[in-house]
Structure formats: structure tokens, C-alpha cells
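See structure below.
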Amino acid sequence: MTTSLADVGSSGATLRAFLHGLPGVDRVGADQRAAMLGTRSIKTTAKAHAIDLAISMVDLTTLEGADTAGKVRAMCAKAVRPGGDAPSVAAVCVYPDLVAVAADELRGTGVKVASVATGFPSGRTSLEVKVSDTALAVAAGADEIDMVIDRGAFLSGDYLKVYEQIVAVKAACGAAHLKVILETGELSTYDNVRRASWLAMLAGADFIKTSTGKVSPAATPPVTLIMLEAVRDFRDATGRQVGVKPAGGIRTTKDAIKNLVLVNESAGDDWLTPEWFRLGASSLLNDLLMQRQKLATGRYAGPDYFTLD
Amino acid sequence: MFEYAPAPESRDVVDLSPSYGLFINGEFVDGSGPSFKTVNPATEETLAEIATASSDDVDRAVQAARKAFGVWSALPGAERAKYLFRIARIIQERARELAVLESLDNGKPIRESRDVDLPLVAAHFFYYAGWADKLEHAGFGTKPLGVAGQVIPWNFPLLMLAWKIAPALACGNTVVLKPAETTPLTALLFADICRQADLPPGVVNIVTGAGETGAAVVAHPDVDKVAFTGSTEVGRIIARSVAGTGKKLTLELGGKAANIVFDDAAIDQAVEGVVNGIFFNQGHVCCAGSRLLVQESVQEELLAALKRRLGTLRLGDPLDKNTDIGAINSAEQLAKIRRLSDLGEAEGAERWSPACELPAKGFWFPPTLFTGVAQSHSIAREEIFGPVLSVLTFRTPAEAVEKANNTPYGLSAGVWTEKGSRILWMADRLRAGVVWANTFNKFDPASPFGGYKESGYGREGGRHGLGAYLDV
């Protein structure tokens, strides 16, 4: 990283000057570009490739108050062997108290354990709690931490507070990868999405993630596109590659493929692996499996031929 | 690597005849001139034989239009509107067929004919249908002119037809329209739509042929109004031919538009706008943003982003749904683009194209940009009408205005900045018929369109467009 970028986080003023100096995002133009990429027609061999790639990028998620160890174990089984000869998903994503269960189930399978942390989904708690929430999840076996930013601080212009919290959580992660959830539905403007993306990357995020899934709108195509442009520009500026994870509202194979097209035609090839691009979803996996089978056999099987976990 | 498999739109929706006649007085009739072939520019395959209308045929068409004018102009506006609404709806119903045919004959990507041309064509008929019974509120009177002779270009064959026919008919005129010789097919399919809509015979007549046919339409003594869209060169000839005859004339001619990017622009969207400005429809757009004026302080950044973006453009089969850049419309146009691009290099500008494989058959030109272009270079002055962008720089807003206006043309301009007051300041000073702010090549039937200086005169579209077809 160049010295000037390394110094950006040294004070609220430098951070603000940098983030407000980023080029703006024109909403009409961004929406139009995302809509145009949404018309790409992905068929036959390209579709088969895209479906398997999408499956391997899924962060299979359950984030409910009603989650239990039994539910998480069942989901882990599905994550490892989604069905037929389909590849395993990238990770399962659970609440911190269920990390140990998932870690037990997934040991040696190559499927990662991701845990939301830092007072998910609102993030309305003290830094001390956020840091210990993170540390405990990592201690319980989480490979990846999905933290939420303090949107209140961001919207009130206290970028330094958000920055310092991310730095602190990153430190608590140790070897675990840090995904920073921007909750773009609450940031509201595309300019904010770009600024929050850079803020998170400057503070050390390994991934930037759109949403918690608890707020609508969640991962809309233009928002994902803007974040992909941000990671592309960040790598150009610093040499460091950061991943992107759209999450929330991606339910169909069509949605998933549109996301892959966005990656392909913005950030590019280097991001088209589970290491650098993830799809946070729960119901998506079964639709991918259904379309996968349809493509292989020419027929749709009924919903009872795909497991509900 | 995520390669997209071919995703071709089916040709089967189009029912091509081996040959087509002229559409006169509601009937398809033979032409007395020698027939000619229209080809698919992407493959050079012959699509159909097309009749040539001689001056006698044109005379028959004008007579039919004259006869129909009595009936058509006497209809209450609300009745004329019914026909136009009906035509608009049939266009929507047959949109897929029309889009495929347009791409076959013109070479433009199906994504554009499907998502841009056809929706705009239908919208134009809907829009002017709405005016037909409200002419007294438009401020140009309600008296139609009579027979309109209309000559249209090959870049947006059906859309230019809509721009010409919809307002003419709404105002109570009848028309004789000559489509371009390289793209007559959708106009002939439109003739079929007129029959399907039960439009009274003679209200719309389509005569095909080359320049001579067009000249006969323009020169016909019983034509009351001439409307032409095409090159400035032909526009001059038409203006001369019409001078002193009392015919009303509107001309929509060439352009060399400046797309002006300031250092505070939303850069990713500006790049998209520049790409859309010059590579939309292979640059076969009279209002194309063929001169990029970029503020020197962001030149490097913008050019790097632009080149990266050009690398993702997909050139190839126009019927493939993922194609961004289709074929050049004709061998003749391709030769012109090559000549001017070679001249650009010879005069000292630096040429760049992304790695891009061109199909072996057909007429193709890679997306190209020239850097180090000066105002004095031919590629900064002459309209290339192809996928070729000339990049120039400026230092201050005043210099941007000066360079943008320093052209014989004045059809359109684009301004890219996040500063609202600067947009208004620029728009006040740019001598161009359309000024787009933070967008480019956006069309709407409610918005007037037309040029300054050598880009022509008269306005098409919107309320203003009615003025060209009424006896003001």
C-alpha cells in the first residue's frame, strides 16, 4: 500500500477527505449498466459452468432465532454434499453460538465455517462486545467472520469510528478472514456504497459484503456492481485483492448467474472463484440444483426430489 | 474464464420473401426500375431482391398519396389516432419479428434492435397518436400540408420511419417514403402492418430504390413537404432541389458531437456513457459522441478505464443476444471508415483497438480510439459514422465549450460532471440541438431532436415535431 493510502485512516479529517474525494456514482447510469448486464443470455455449456461455479460460491446460511444444533448439522451435511455430483458449497454461515457445532460437522471437508459477529445484524453494541463476540467465534472454530459496520456512525459522518471498529475486529480475527457487511440498504445512496466499500478495504477487510439479509433492499445488481468496481480500483491502487459477497435476495439461478456476469464484466476473471466471490443465500442452493438437473436431463424434477434442510 | 456460449435469437420468426415490390395505394406492385439485392452485412448473404421505383412509379405513389390526402385529412383527429394506436400495438405485437429483421438487414445487435429501436418505434406511434386529436393545443394550427416525401437513412431504418410517418399521419398528411437501399426490409414489413391496421390505401406509400428514386420523390412537383435524414452532402443537394419550390423542408443531417468529461465526473458511468455514445449501433448514429473531450487532469485515468472497458465489448453475430457490436452496414461505409481511420494515423494521431477477432465474412470494423488528436485533424472534423472515437483534451470549461462548438456541425453534445450548475452553464453555451447531461444517446418521443448549422434544420419529435407537418 502506498504511504498516502496507509495514512488515510490516521484521522477523521484525512479519512473524510479521502472518501469524499472518490469519484461519485451516477445512480441512473449505474442502474442502466446493471440492467444491461442483466440481459446477458447464458445458455447451454456456459450455463452448466455457471451453475457449478455458483454452487461452489454459496455461503449456505441460516440466521434465525429458531436455529438449533440439529438444524445446523443438517445444513452442514447439505453443504458438503448438496446432491448428485454437485460440488460442495464454499461455507456455511451461522450465528456465533452455533459455530462449534458447524466446525465439528465440517472438519476436514474443505467447507469453511463463517460466523456473523459484532452484534449482528444491527451492530448496536459496544466495541468491547463486538471484539469479544468476534474472538469467541474464532475460538469456537470460525474460519471467516462476517461483521456489520456501525451504520449510524457512518451516516452521521463519523468515518473514523467505523474504521477503528473494523481495525479492532480485524485484529480479533487473527487468521480468520474478515467480511465486512455494509448493509447497503441502510446506506441508501450509491456514493455511500462506494465510500463504505473503500472505508472497509482501507481498514483491512478481506471481503466486502452487501447486506445482512435482514434489511430490504439487499444485494441489488447495481450495488454489487459498484462494490465490484471498488475492489477492482482498490487492487489497482494498492495491489491487494479484496473479495465481494452479495447476500440477501439472491434466490434463483437466474439471479446467481446475473451476479457472475456482473463479476465477469467488471472486476473480471480474477474474482470468479470462491476465494474472491461468494453468494450469501439459503434457498438459492436448491434452485441451482434443480436447474443443474434440468440442464443434464432435459426435465424438471419435482421439489420433493431436492432435500429441504 | 467465463465464456458465454452462443445465444442466437431465432431467425424463424421472420418470413422472408425472395423478392419485394413497391407499396403503392395499399398494394404491393412491381417496380419498373432494375431490381437490386439487399444483403445481410454480417455474412454478405443476399436476403431478398428489391424493386427499384422509377420516376413513373414515384409519380404513381405521389398520386395515390394525393388522392388519399382528401379522405385522410378530412377524418377527425380522434379517428386518425385510432389507426396510429392500432399501428403502435401491432408493432409491439410483432416486435420480435421486426427486431430480427432489422438486425438481419442492418447488422445491428439484436440487443439494440430489441431493447432500443423497437420500443422507441412503438413509443413514437403511441406518442403522436395522442396528439392527433389535440392539434389545436399544439400552437401550429390544425391544417396539414398535403403529401410528404420522406427519405430516410440506413442506421435506424424502422425508427427513422417512425419519426417521419407518425407525426405526418397524426397531422393529417399522407406520405411517400423511401427507405435506404441497404435497409429496405423493415419498411416493407411496416407496409404489411399498415394493411393489417386497415389504414386507408394511399395514406402510406413505400418506394424502394437508390439515390435516383429519392431524388424523384424530393423533386416531384406534387409533394408539399420534404423530410430527409442522412448525410450533409445529400442534404445540400436536396436543399438546392427544393429551393424556390415552396415545399417545406426539414433536414436532419450529420454530426460530430463532443462528449465532454470533467474531472469531477462519476467516472464509471462516464466511461459507460462514452462507450454508449460512440459504439452504440457501431457508431452509425448522427448524434454519436465521436469526439471525447476529456479534462487533462483526468485524462490518464479515464483513458485507462475506457480501454479496459473496450476490452469487454463483444463483437460478432448481430443475432447473438450477447453481442455489443454488430456489423458495419455496407462495404461502402466500411471503406469510408477505413479511409478516415487511415487518414487519422497518417495525420499523426495514435490508433488503439482492443484485441478483437473480426469474422471472416461480412463487413466489420473493431472498436477504435485515437489519442493525441488535435482540432485540426480530419478525424476531429469529419463525420466518420463508425465505431471510431477521437480523444481530445481541454483545461477549462471555457475551452471545452470553445472546442465543442468549433465544428461545422451541431447536433448533440454530452456533459459529464457531478456539478449541477456547470451542466446548466455548459448547456447554455453549447450550440447543439441536444445536450445530454450525465447520459448520452437517450431518446424519447416527447423530446424534440434536430441540429444547428450543418446538422440541419427543423425539429422532429415532441410538440415541436408537429410544426414540420402543419401549415403554420
Exercise for review: Name the residue, out of B:L293, B:L313, that is more than 9 Å from every other protein chain (Cβ to nearest Cβ) and without any contact (Cβ under 8 Å) to a residue 60 or more places away in the chain.
Suggested key: B:L313
Exercise for review: Check B:F449, B:F385 and return the single one that is under 24 Å from B:R314 (Cα atoms), in contact with a helix residue (DSSP H, G or I) (Cβ under 9 Å, 6 or more places away or on another chain) and surrounded by 18 or more Cβ atoms within 10 Å (Cβ to Cβ).
Suggested key: B:F385
Point to revise | Filter pass, B:V147 being more than 14 Å from the chain's Cα centre (by Cα), crowded, with 24+ Cβ neighbours inside 10 Å and under 18 Å from B:G21 (Cα atoms) | key: no
Practice item. Would you please name the residue that is surrounded by the most Cβ atoms within 10 Å (Cβ to Cβ), looking only at residues in the range A:37-64 that are facing chain B (nearest Cβ under 7 Å) and part of a loop (DSSP other than H, G, I, E, B)? Key: A:I42
Review point. Within the range A:290-308, is there a residue that is polar (S, T, N, Q) and under 19 Å from B:L313 (Cα atoms)?
Key: no
Check your understanding: Is the range A:294-307 home to any residue that is buried (at least 22 other Cβ atoms within 10 Å of the Cβ) and of a type outside the set (K, R)?
Key -> no
Practice item. Test A:V99 against the stated conditions and say whether it is within 19 Å of A:A175 (Cα to Cα), touching a residue at least 40 places away in the same chain (Cβ under 8 Å) and assigned to a helix (DSSP H, G or I). Key: yes
**Study point:** Pairs, first on the phi > 0 side of the Ramachandran plot in the range B:102-130, second outside any helix (DSSP H, G or I), C-beta under 6 Å, six or more apart
**Key:** B:G107/B:P41; B:G107/B:A42; B:G107/B:P318; B:G107/B:G326; B:G107/B:A327; B:G107/B:N329
Review point. When only residues in the range A:7-28 that are of a type in the set (A, V, I, L, M) and part of a loop (DSSP other than H, G, I, E, B) count, which is farthest from the other protein chains (Cβ to nearest Cβ)?
Key: A:L22
Point to revise | Among the candidates B:A413, B:A398, B:A446, B:A404, residue that is among the aliphatic types (A, V, I, L, M), assigned to a loop (DSSP other than H, G, I, E, B) and at pLDDT 95 or above | key: B:A446
Exercise for review: Test A:A90 against the stated conditions and say whether it is surrounded by 23 or more Cβ atoms within 10 Å (Cβ to Cβ), at pLDDT 95 or above and more than 14 Å from every other protein chain (Cβ to nearest Cβ).
Suggested key: yes
Practice item. Inspect all residues belonging to the range B:419-430 and state whether any of them is assigned to a helix (DSSP H, G or I), touching a strand residue (DSSP E or B) at 6+ places or on another chain (Cβ under 9 Å) and basic (K, R). Key: yes
Practice item. Identify, by number, the condition in (1) surrounded by 24 or more Cβ atoms within 10 Å (Cβ to Cβ); (2) in a loop (DSSP other than H, G, I, E, B); (3) hydrophobic (A, V, I, L, M, F, W, C); (4) touching a residue at least 60 places away in the same chain (Cβ under 8 Å) that B:W154 doesn't meet. Key: (1)
Review point. Can you tell me which of A:G83, A:G70 is more than 14 Å from chain B (Cβ to nearest Cβ), outside any helix (DSSP H, G or I) and out of contact with any Asp or Glu (no Cβ under 7 Å at 6 or more places or on another chain)?
Key: A:G83
Practice item. Among residues belonging to the range B:191-206 that are in a loop (DSSP other than H, G, I, E, B) and of a type outside the set (D, E), point out the one that is nearest to B:R89 (Cα to Cα). Key: B:A197
Study note, to complete from the structure: Of the candidates B:G273, B:G235, the one satisfying the condition of being modelled with pLDDT of 95 or more, in a helix (DSSP H, G or I) and closer than 21 Å to B:P387 by Cα is B:G273
Review point. Would the range B:355-369 turn up any residue that is within 22 Å of B:A305 (Cα to Cα) and among the charged types (D, E, K, R)?
Key: yes
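For (1) in contact with a helix residue (DSSP H, G or I) (Cβ under 7 Å, 6 or more places away or on another chain); (2) in contact (Cβ under 8 Å) with a residue 60 or more places away in the chain, each residue gets a yes or a no:
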position	(1), (2)
A:A117	yes, no
A:S122	no, no
A:E128	no, no
A:C173	yes, no
A:K179	no, yes
A:Y190	yes, yes
**Study point:** Scan of the range A:243-258 for residues that are of a type outside the set (V, I, T) and assigned to a strand (DSSP E or B), ordered by number
**Key:** A:G243, A:K245, A:A247
Check your understanding: Looking only at the range A:17-40, which residues are over 17 Å from A:A230 (Cα atoms) and touching a residue at least 40 places away in the same chain (Cβ under 8 Å)?
Key -> A:A35, A:L37, A:G38, A:R40
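Every residue, every condition in (1) modelled with pLDDT under 95; (2) surrounded by fewer than 23 Cβ atoms within 10 Å (Cβ to Cβ); (3) under 25 Å from A:V148 (Cβ atoms); (4) among the aliphatic types (A, V, I, L, M), yes or no:
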position	(1), (2), (3), (4)
A:R232	no, yes, yes, no
A:D236	no, yes, no, no
A:V244	no, no, yes, yes
A:R251	no, yes, yes, no
A:V263	no, no, yes, yes
A:W271	no, yes, yes, no
A:R278	no, no, yes, no
Check your understanding: Checking B:Q196 against (1) among the polar types (S, T, N, Q); (2) surrounded by fewer than 21 Cβ atoms within 10 Å (Cβ to Cβ); (3) under 18 Å from B:G462 (Cβ atoms), which single condition isn't satisfied?
Key -> (3)
Exercise for review: Mind listing just one residue for me: the one in the range B:97-116 that is surrounded by fewer than 24 Cβ atoms within 10 Å (Cβ to Cβ) and away from chain A (no Cβ under 14 Å) and, of those, nearest to B:N329 (Cα to Cα)?
Suggested key: B:V100
Practice item. Would you list the strands (runs of 3 or more DSSP E) that sit entirely within the range B:19-76 and hold 1 or more residues that are surrounded by fewer than 16 Cβ atoms within 10 Å (Cβ to Cβ) and in contact (Cβ under 8 Å) with a residue 24 or more places away in the chain? Key: B:27-29, B:45-52
Revision key, fill the gap. Residue hits (the range A:213-255; closer than 14 Å to A:S283 by Cβ and free of Cβ contacts under 8 Å to residues at least 24 places away in the same chain) are A:K254
**Study point:** Within the range B:281-319, tally of residues that are within 23 Å of B:A5 (Cα to Cα) and surrounded by 22 or more Cβ atoms within 10 Å (Cβ to Cβ)
**Key:** 7
Review point. Does the range B:240-255 contain at least one residue that is away from every other protein chain (no Cβ under 12 Å), buried (at least 22 other Cβ atoms within 10 Å of the Cβ), more than 14 Å from the chain's Cα centre (by Cα) and not in a loop (DSSP other than H, G, I, E, B)?
Key: yes
Review point. For residues in the range B:434-443 being touching a residue at least 12 places away in the same chain (Cβ under 8 Å) and outside any strand (DSSP E or B), which is farthest from the other protein chains (Cβ to nearest Cβ)?
Key: B:F443
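The values are calculated or read from the model by the stated rules, or taken from the named source; none is laboratory data. This one's a predicted model, so the numbers in the text were calculated from it and none came from an experiment. Here Cβ is always computed from backbone atoms with ideal geometry, including for glycine, and neighbour counts include all displayed protein chains.
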